[in-house]
Amino acid sequence: MTKNTELNDTALVLRQIEYLSGFMLPERSETMRTTLDNRTRYMTVCMENTFHPQNASALVRNCEAFGIQDIYTVEEHCRFSPNTNIVRGTDKWIDIHKYSRSTDLIADLRQKGYRIVATSPHMNDHTPESFDVTTGPFALFFGTEHAGISDEVIRNADEFIRIPMCGFVESLNVSASAAILLYLLSNRVRNAPVDWRIPETERNEILLRWMKSTVKDSGRILKRGGF
């Protein structure tokens with residue numbers, strides 16, 4: 001893609017945003033922009049073969065609540081199927097990327113510059129407090145409800161992170177572990193000297209998608225506006 005093409009595409013996105021803004025309450029548009037300002041792709045979440053729909057649903061809601069824009073899922077053995085009654089539309093605000101193998105997902109994440117960080121109670125590496133959030137973007141891998149993270153992820157992990165336990169319980173279920181790590185690490189990322197915000201061009205593209213999903217008959221409206 002040439003520089004002129006990128007500029008033209010950006011200008012088109014901005015014109016569509018401006019046009020659709022006229023069909024929304026100003027407060028709604030401002031809420032979307034404010035939410036996007038707090039979104040991040042600096043950290044992301046990866047799930048392997050999530051069997052229980054309630055765990056998939058909880059993960060979607062957790063990511064949306066803590067401003068994580070992307071969820072990557074591996075569906076080699078079972079589908080990532082959030083329960084619509086639990087997510088209650090929160091899945092339309094985040095991006096879910098599906099893969100058939102962990103190997104392919106890891107390769108794509110590395111190409112995007114992510115560190116592979118495996119969550120495991122048996123790997124005595126980092127805690128949420130000691131993990132260095134400043135050395136580059138990172139992808140948190142969560143395993144299945146019963147078997148944990150796969151051997152493939154363990155072999156390819158750059159680092160491991162665990163939640164320390166004080167009781168007889170050795171580990172939490174995947175949705176509880178994700179909620180704790182996302183809350184703690186997303187707060188640390190936003191207070192760290194790193195460029196954690198989504199680039200403006202990408203934010204505009206996301207904003208346009210959100211507006212299209214919110215404004216009734218947005219396709220017809222944009223066509224009527226000459227787009």
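The values are calculated or read from the model by the stated rules, or taken from the named source; none is laboratory data. Fair warning: this is a prediction, and the values are worked out from it, not measured in the lab. Every residue, glycine as well, gets a Cβ built from its backbone with ideal geometry; the counts of neighbours run over all protein chains shown. With ligands, DNA and RNA removed, areas are computed over all heavy atoms of the protein, side chains included. Shrake-Rupley method; radii C 1.70, N 1.55, O 1.52, S 1.80 Å.
Annotations
- Residues satisfying the stated conditions in the stretch 6-18, i.e. at pLDDT 90 or above and open to solvent by 70 Å² or more (accessible area, probe 1.4 Å): Leu14, Arg15, Glu18
- The stretch 218-227 - residue that is open to solvent by 20 Å² or more (accessible area, probe 1.4 Å) and in a helix (DSSP H, G or I) and, of those, farthest from Asn38 (Cα to Cα): Arg224
- Selected residue [outside any helix (DSSP H, G or I) and either in contact (Cβ under 8 Å) with a residue 40 or more places away in the chain or under 17 Å from the mean Cα position of the chain (by Cα) (or both)] from Val169, Val133: Val133
- The lone criterion from (1) under 30 Å from Thr103 (Cβ atoms); (2) touching a Leu at 6+ places or on another chain (Cβ under 6 Å) left unmet by Gln16 is number (1).
- Scanning the stretch 20-32 for residues that are open to solvent by 70 Å² or more (accessible area, probe 1.4 Å) and in contact (Cβ under 8 Å) with a residue 60 or more places away in the chain returns Phe23, Arg28.
- Count - residues of the stretch 181-205 that are crowded, with 19+ Cβ neighbours inside 10 Å, part of a helix (DSSP H, G or I) and β-branched (Val, Ile, Thr): 1
- Identity of the residue in the stretch 93-130, touching a residue at least 24 places away in the same chain (Cβ under 8 Å) and of a type in the set (Lys, Arg), that ends up least open to solvent (accessible area, probe 1.4 Å): Arg115
- The requirement of being more than 26 Å from Val133 (Cα to Cα), of a type in the set (S, T, N, Q) and surrounded by fewer than 18 Cβ atoms within 10 Å (Cβ to Cβ) is fulfilled somewhere in the stretch 206-217, by at least one residue.
- Some residue of the stretch 67-75 being in a loop (DSSP other than H, G, I, E, B) and free of Cβ contacts under 8 Å to residues at least 60 places away in the same chain: yes
- Qualifying residues in the stretch 33-66 (those that are part of a loop (DSSP other than H, G, I, E, B) and open to solvent by less than 10 Å² (accessible area, probe 1.4 Å)) - the one nearest to Lys92 (Cα to Cα): Arg39
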